1. At 1.4 Å probe radius, can you tell me the per residue accessible area of the chain in Å²?
2. Put a dot 7 Å past each Cα toward the Cβ at residue 137 and residue 171; how far apart are the dots in nm?
3. Antiparallel DSSP bridges in the range 63-167: what percent, to the nearest 5?
4. For every helix of n ≥ 4 consecutive DSSP H residues, a contribution of -39,500 (n - 2.57) applies; sum these over the chain, divide by its total residues, and give [θ] at 222 nm rounded to the nearest 500 deg cm²/dmol.
5. Once fully extended, how much extra length lies between residue 189 and residue 41, figured as 0.36 nm per residue of separation less the alpha-carbon to alpha-carbon distance?
6. Express the carbon and sulfur contribution to the solvent-accessible surface of the range 49-115 as a percent, rounded to the nearest whole number, probe 1.4 angstrom.
7. Decide, for the range 48-185, between rounded, prolate and oblate: order the square roots of the alpha carbon gyration tensor eigenvalues as a ≥ b ≥ c, take rounded if a/c falls under 1.5, and otherwise choose prolate if a/b is larger than b/c, else oblate.
8. By how many degrees, 0 to 90 and rounded to 10, does the Cα axis of helix 2-27 deviate from the longest principal axis of the chain?
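The values are calculated or read from the model by the stated rules, or taken from the named source; none is laboratory data. Since the model is a prediction, treat every value here as computed from it, not as a measurement. We place every Cβ from the backbone using ideal geometry, glycine too, and count neighbours over all the protein chains shown. With ligands, DNA and RNA removed, areas are computed over all heavy atoms of the protein, side chains included. Shrake-Rupley method; radii C 1.70, N 1.55, O 1.52, S 1.80 Å.
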Amino acid sequence: MFSSTFPLLRGAIIGIWLLFSSDVLFAQYTHFEKYDLEPVQVNMTITKIDGREVVRVVRDTATKGADIPTFVRLKNTDNFCNGTIEVMLLSRLLPTADANARGFIGLVFRINKDNNRFESIYLRPTNGRAEDQLRRNHSTQYFSYPDYNFDRLRKEAAGIYESYADMALNEWIKMKIAVKNAQAKLYLNDNPQPVLIVNDLKLGAANSGAVGLFLDGGTDAYFRDIKVVPEN
């Protein structure tokens, strides 16, 4: 009798395991506003600031290095090539942040399916109102993963892929990136003039992929009002 019922019991156990495994699998995706969010080497939660739902993101403590794939991928933007990306973002420093933390926060775009090739523009909010002019000049940053991190670009083309912009920690900043072929323009807080222009996106003019919400070490990041508009 035991031998005849064991396969059924085993099948039931496997079915329950698959059910819970599926729940765990699908639990890594979160729907927010119009987008399905997938964390990539980050921890993500939905919380509230001033009564509004926002996405809170912190970097996984196991990650090492700067300008690496630490973002929330917007799953239903996989074919973005040209167009505009807008978001409201707010940056704070974690209690564990070290002296090099700058509140790094921004966007990534044209992410490939394996999350190991993408373009990015991000902000350093602590630099925007620093007393050191050189730090102010490093308020915005473009980089391209995997080959062109900020350090390489700064050494090989100083001042070309960074700029000054007024900003600070713990305040909402409206960030907009307009992408057209090999060019990306960064706009902040509805200013009609871009604060940074990149004319040679390193992955090429025809590259396409998903959009994501980026942060780097030491940052307690918040995002809302996400809007991705591909160009037809």
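1. Each residue of the chain exposes 51 Å² on average to a 1.4 Å probe.
2. Label-label distance for residue 171 and residue 137, simple model: 2.4 nm.
3. Antiparallel bridges: around 100 percent, rounded to the nearest 5.
4. That comes out to -5000 deg cm²/dmol.
5. 50.4 nm
6. The value for the range 49-115 is 47 percent carbon and sulfur by accessible area.
7. Because its axes are fairly even, with a/c under 1.5, the range 48-185 counts as rounded.
8. 20
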